[in-house]
Amino acid sequence: MFNRTTKNDDTDINQDVSLLADTLDDLLKSYGSKTKEEVDSARGKAESLLKETRAKLNGRNRVTQAAKDAGDHVDSYVHDKPWHGVGIGTAVGIVIGALLASRR
């Protein structure tokens with residue numbers, strides 16, 4: 001029911017992970033050929049990218065979990081009190097119909 005994701009979010013995550021992988025690859029290559037300052041700089045950049053990517057993934061997981069929890073609550077409420085659900089649906093339909101009718 002709430003399993004839809006936008007392709008834009010997936011693309012952003014894929015780009016972030018790809019950028020992180022490229023930075024880590026540069027870091028590993030630089031260990032033998034660069035000075036300590038350059039290696040430390042590359043390590044700092046990789047660490048900050050890793051933190052940002054983790055934060056984005058965790059934020060997305062929290063939003064997804066909150067949506068699933070809300071859907072579960074609505075589902076259990078409607079199963080426990082089906083006529084209340086019908087009444088709420090009817091009320092919402094009347095309000096939307098009135099708003100659409102008033103625009104014309």
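Just so you know, all these numbers are worked out from the coordinates, no wet-lab data involved. Keep in mind the model is a prediction, meaning the values are calculated, not measured. Note: ideal-geometry Cβ built from the backbone for every residue, glycine included; neighbour counts use all protein chains shown.
Going by how many other beta carbons lie within 10 Å of each one, how would you line up Glu47, Glu37, fewest first?
The fewest-first ordering by Cβ neighbours comes to Glu37, Glu47.
Any chance you could run the full-extension gain for Val78 through Val17? It's 0.36 nm times the residue separation minus the Cα-Cα distance, nm to one decimal.
18.0 nm
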